[in-house]
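First up is the structure itself, then whatever we jot down about it.
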Amino acid sequence: MLLNNYLISAWRNIFKHKLFSAINIFGLAIGLAACILIALFVRDELSYDKFWSKADQIYRTHITFSVPGRDPMDMVMTPGPVIHALLKDFPQVEHASRLASQEPTIIINNHYFVDDISLVDEDFINIFDLEAVEGDLNTALKSLNNIVLTEKLAKKYFGSNNAIGKIITIDFDSYKRDYKVAAVIKDMAKNSQVITDALVAIDEPAWKEKDWMFDAWFSVNSHMFFTLKKGADIKSINNSWSEFIDRNFPKLPFGGTGAKTSDFVHMTSMSIKDLHLKAKGDGEYHEIGDMNTVIIFSTVAFLILIIAAINFMNLSTARASSRAKEVSLRKVLGASRKDLIIQFLGESILITAIGMIMAIVFVEFALPIYNEILGKTLRINYASADLIYVAALAIFVGLLGGSYPAFILSHFRPSETLKANKSAESDASIKLRSILVIVQFAVSITLFVSTAVVYGQMLYAKNMNLGYDKENILAVKEVYRDVVLKKLPLLVDEIRRMPNAISVTWSNFMPESGNNNNTLVRTEKQALEDASLIGSREIGFDYFKTYKVPLISGREYSIERGDREVLTDDLRKGLNYTGSIIVNESALRRLGLGTADNAIGKLVFISKGNPSENLEATYEIIGVVPDIHFDSLKSTIRPEIYDLSVNYGSVISARFSGSPVAFTEQVRKLWEQEIPSIPFNYDFISAAVAKQYNAEQGQAAMFAAFSCLAILVACLGLYGLASYTAERRTKEIGIRKVMGASVFDVVKLLIWQFSKPVLIANLIAWPISYFTMTLWLESFVYRIEDFFILGFCLLAAFTALIIAWSTVAGNSMRVARANPIKALRYE
Amino acid sequence: MLKLQDLTKAYRTDEVETVALNNVNIEIETGEFVAIMGPSGCGKSTLLNIIGMLDTPSSGHYFFKDEDVAGYSESQLGVIRKQHIGFIFQSFNLIDELTVAENIELALLYHDIPAAERKERVAAVMDKVGIAHRAKHMPSQLSGGQQQRVAVARAVVGNQSMILADEPTGNLDTAHGQEVMEMLQKLNEEGTTIVMVTHSPSHADYARRTINLLDGHVVTESMRSKI
């Protein structure tokens, strides 16, 4: 019965104070919605690879090459031969498998496809629990001629027909083979770093021609997973990598006689549960997350929740005086303080519950866009514990925001509150409210500055001069395949002849795609032990002309000048001739070759083939280029050589004029005519560069959106508070007007009242923003100057004031213009 | 000092027109002490508000120092008001969050007076009404009589030539009421024009002239001969 009475009272109170209730509920709903959205993201990020039944036992090995004079190269891949040594050396290891993701040409009934096919060891199925839908998974990978498909691929290739027993021809370039579908498995979970669409067993002998795939100690091309036996400690393995490396890896040619391979090569293993958020290094097949992002967004969610709860507290306590009479009457009629606390807390929870329902509606509306930005498929699963979490969140916020008002309201003494002419509000609660407003704005301003810095850094990175002109270059991919390479000269020639083609070239890398090829280079004066490990890229004729890179000195490769590449096979045959080489400025410095002009014509020796072969080719420097950002701006520029490769490339780049679409269509026609077996795959260099920042852009957008929401919620609170305060100060304003204050004087007074907390909030927010954002910027090699943060701080202060003023101004004007007589006549 | 000519004030709601003042003609000389009396709802307060320029008449003329202010805008009235008119209310109307001194200073705040001079004038007027020892106190710490003395101080600190008092003793006991009336009398003797609305005939006796209002009309005007 009493509960009923409380509910009625709560319900009527909500309706009686429509403005307050609307602000309260709307603010809460926005805060809760933001919180839920972030929680969904964080939960997904934290869930990666935790679902495997052996998740606690599965590890992936990583390797770092630390070469003197170079930044360490962290790889999340492992050299192919390591697996055999691992199984031999560590009895703690139960199962181990490599995983190399390939994109071969797949031929089914004369139809061509290009899809992800993973090369794995037989043990793969013992590490990861895959669910077979059809066929026998246990025996499937025992045969080198079998393939396991996911349902997705089986459907793509064979529709609704049964895939088991069907034949698929796969052209891996090294070899071409007919595979029989032996099993179909369920599609793999998206929250994993181990996603694959099809599995075939690794056939090492078949890769003889490309032995670096699985048989080279200093080349990394596959991931390696292993499981520990039950009871074994990963430390026993992680502590003995150095010995493992010295025992199994070949010796490296640098460091002198006393040097061990483990001085330059480091290995470690990481639990599969940590891969998504903690793995650092090149060679991931799928986008990884970042622990910092998770922490940052969790913090933002918490802060938004705090702002919403503060609003709630502020508006409730502000209204306290108007409810004092109800409290007093209830007390007179026998209610205890506890009864009243329960009543007010219940009311808070009721309001929060309404807010929560609205929040869920907001979330459902926002999820499609949110998922698109993040590239995820997040959703609230109402049939699961999600509903309990959501309810718990509502109760938590209700209690958090309601406890203080409940305490204040229940404290009123009837004898005091029923007496007129006395403000029911204590100084303490007014002071607390100012502090809470300061906290809200400090948080909002910090978020604003952080967003500005994140965006500023992103814009800076996007617009930084890369050293080449990324506009108007079409990149034709898939060139590395044997069928295409055979026609490379023809393709280049034909494209060059197109009317809109300005310049055409080819290379073994795509800008911004990450390239970790390195080779040993020394000068005439240096011994082999003093050779430097220098990044190496292979390019065709007219490369720098196509990418519009002006040479500092010398010239680039041209057919007319008869530049030759040194073929490794010729070296093996003992043929010795001098090739031409182009280097960048960093390489000049590393090799100690003096100025660019002096370097032209000097000889350098470059290691070729496998390290064990000890092959060296002689080159003459014919050109020096500036340091160019062909890799992501997250890495520093390395010393590089640009080797001529007449017959090999993975990408053809064509600079064009006029319409990109028309040009692309022309090239597509040519491709489809010449290479019908492989789908035409292209990109624009400018788009590929932009793609580098997709994840950052998504997160920056998310960050900006949530910051705006936080500010909006804070403003709602300020608005509510301002209208309340204006009401509370009606008498004072009346007096001031009678004393001669103009409308302007009064507006000034009220606006100043709300400017003070905003200004104080700035003083708190600035150092926090400056400190955290300089820390954040440190992770970028190329970053905006620190003083930009100060600029953003000033901008934030200005914006916060403008927002606060415009929030408060309307109310202030209304109150300031009111006739003072009404305020003064009656008390 | 001021002259009301055929002054009418009507309040309009959707359907009904209520006439609060009807054809009022009053003249008040500089240095006069006038009491306005009448039953509740007779238009006393409306009259006082119009004289105090807090409200504007519907028709008629209001000459203040020979200037017809009847058609003036709110801000124009504000300028004249803050220069010439001080107010005293029944409910004191002090600002709870300000000290006694600050409350008094408020009347000078909206004039162009340097801070040092403001302080000096506030101190002088506090001394005059005998609340100097309470300067730093908040209104809630004072008795009703003391609060009204602060209000009087506030009304005269700007050297206003006229004080409008709306039942200044209504919320006070007899002794404190007496005190305030004596203070007003003293101010009047010093040259301040005083117009006071009151219910109390004995307090009206302090005035030299009493205007009786009934239903928006001036019924009688009586002069008290100077003793």
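Here, each number is a calculation from the coordinates, and none is a lab measurement. If you're wondering where the values come from, they're calculated on a predicted model, not measured in any experiment. Cβ: placed from backbone, ideal geometry, glycine included. Neighbour counts: every protein chain shown.
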- Query: What residues have an amide H closer than 5 Å to that of residue A:536, excluding those fewer than 5 places away on the same chain, when H is modeled at 1.01 Å from N in the peptide plane?
  - Reply: A:517, A:518, A:519, A:641
- Message: Cross-link candidates for residue A:278: which lysines have Cα within less than 28 Å, leaving aside residues fewer than 8 places away along the same chain?
- Response: A:50, A:54, A:186, A:190, A:229, A:230, A:235, A:376, A:462, A:634, A:691
- Note on the structure: Log10 I(q)/I(0) at q = 0.20, 0.22, 0.24 Å⁻¹ for the stretch B:71-165, from Debye over equal alpha-carbon scatterers, is -0.94, -1.10, -1.27
- Applied in sequence order to the stretch B:24-34, the curve 6.51 cos²θ - 1.76 cosθ + 1.60 (Karplus, θ = phi - 60°) yields integer Hz couplings, x standing for Gly and Pro, of 8, 10, 9, 10, 10, 7, 4, x, 6, 10, 10
- Task: Could you give the DSSP H helices of chain A that reach 27 angstrom or more along their long axis (alpha carbon positions) and whose average Kyte-Doolittle hydropathy is no lower than -0.5?
- Result: A:18-47, A:291-318, A:337-374, A:386-411, A:427-463, A:694-728, A:743-777, A:787-817
- Message: Starting from 0.36 nm per residue, how many nanometres of slack lie between residue A:54 and residue A:632 once their C-alpha separation is accounted for?
- Response: 204.5 nm
- Under the 7 Å Cα-to-Cβ spin-label approximation, residue A:268 and residue A:819 lie apart by a distance in nanometres of 7.8
- Message: Let me check against my output: what whole-number percent is the relative contact order of the stretch B:1-105, with C-alpha pairs under 8 Å and at least 6 apart?
- Response: 27
- Using R₀ = 41 Å, calculate the FRET efficiency as 1/(1 + (r/R₀)^6) where r is the Cβ-Cβ separation of residue A:110 and residue A:385; round to 0.05. 0.20
- Once the other residues with Cβ under 10 Å from the Cβ of residue A:107 are scored (Lys, Arg +1; Asp, Glu -1), what is the net sum? -1
- Query: Given a Förster radius of 25 Å and the C-beta distance between residue A:802 and residue A:749 as r, what FRET efficiency does 1/(1 + (r/R0)^6) yield to the nearest 0.05?
  - Reply: 0.85
- Could you list which residues have their amide H under 5 Å from that of residue A:254, counting only those 5 or more apart in sequence or on another chain, with H placed in the peptide plane? none
- Message: Amide H of residue A:684 versus every other amide H placed in the peptide plane: which residues, excluding those fewer than 5 positions away on the same chain, fall under 5 Å?
- Response: A:475
- Message: Take residue A:132 and residue B:178, extend 7 Å from each Cα along the Cα→Cβ direction, and tell me the distance between the two endpoints in nm.
- Response: 11.3
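What is the calculated FRET efficiency for residue A:242 to residue A:795, with r their C-beta to C-beta distance and R₀ = 45 Å, to the nearest 0.05? Each step should come with its number before you reach the end.
Working: r = 52 Å, r/R0 = 1.15.
For R0 = 45 Å, the calculated efficiency reads 0.30.
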- Task: Return the distance in nm (one decimal) between the two label points of a simple spin-label model at residue A:186 and residue A:84, each offset 7 Å from Cα along Cα→Cβ.
- Result: 3.7
- Give the residue from B:169, B:157, B:197 lying farthest towards the positive end of the charge dipole for the stretch B:156-201; charges sit on Cβ (+1 for Lys and Arg, -1 for Asp and Glu) and the dipole is referred to the Cα centre. B:157
- Message: Can you tell me what share of the DSSP beta bridges in the protein assembly as shown is antiparallel? A percent to the nearest 5 is fine.
- Response: 70
- Query: So what's Rg/Rh here for the protein assembly as shown, counting alpha carbon atoms and using the Kirkwood radius for Rh?
  - Reply: 1.17
- Query: Rounded, prolate or oblate: which one fits the stretch A:459-535, using the alpha carbon gyration tensor with axes a ≥ b ≥ c (rounded when a/c is under 1.5, else prolate when a/b beats b/c, else oblate)?
  - Reply: oblate
- Query: Can you work out ³J(HN,Hα) from phi for every residue in the stretch B:66-73, in order, using Karplus 6.51 cos²θ - 1.76 cosθ + 1.60 and θ = phi - 60°, giving whole Hz and x for Gly and Pro?
  - Reply: 6, 10, 7, 9, 4, x, 6, 7
- Item | Ellipticity estimate at 222 nm from DSSP helix runs (n ≥ 4, -39,500 (n - 2.57)) divided over chain A, nearest 500 | -16000 deg cm²/dmol
- Message: Between residue A:326 and residue A:430, what is 0.36 nm times their sequence separation minus the Cα-Cα distance? Round to one decimal in nm.
- Response: 35.4 nm
- Message: Give me the net charge for the shell around residue B:22: Cβ to Cβ below 12 angstrom, other residues only, Lys and Arg +1, Asp and Glu -1.
- Response: -2
- When the chain is fully extended, how far beyond the present Cα-Cα distance does residue A:47 get from residue A:403, taking 0.36 nm per residue of separation? 124.8 nm
- Query: What ranking do A:111-120, A:50-59 get when scored by the average of other Cβ atoms within 10 Å per residue, highest first?
  - Reply: A:111-120, A:50-59
- Item | Distance from the stretch B:76-137 to the stretch A:134-190 (C-alpha centre basis), Å | 93
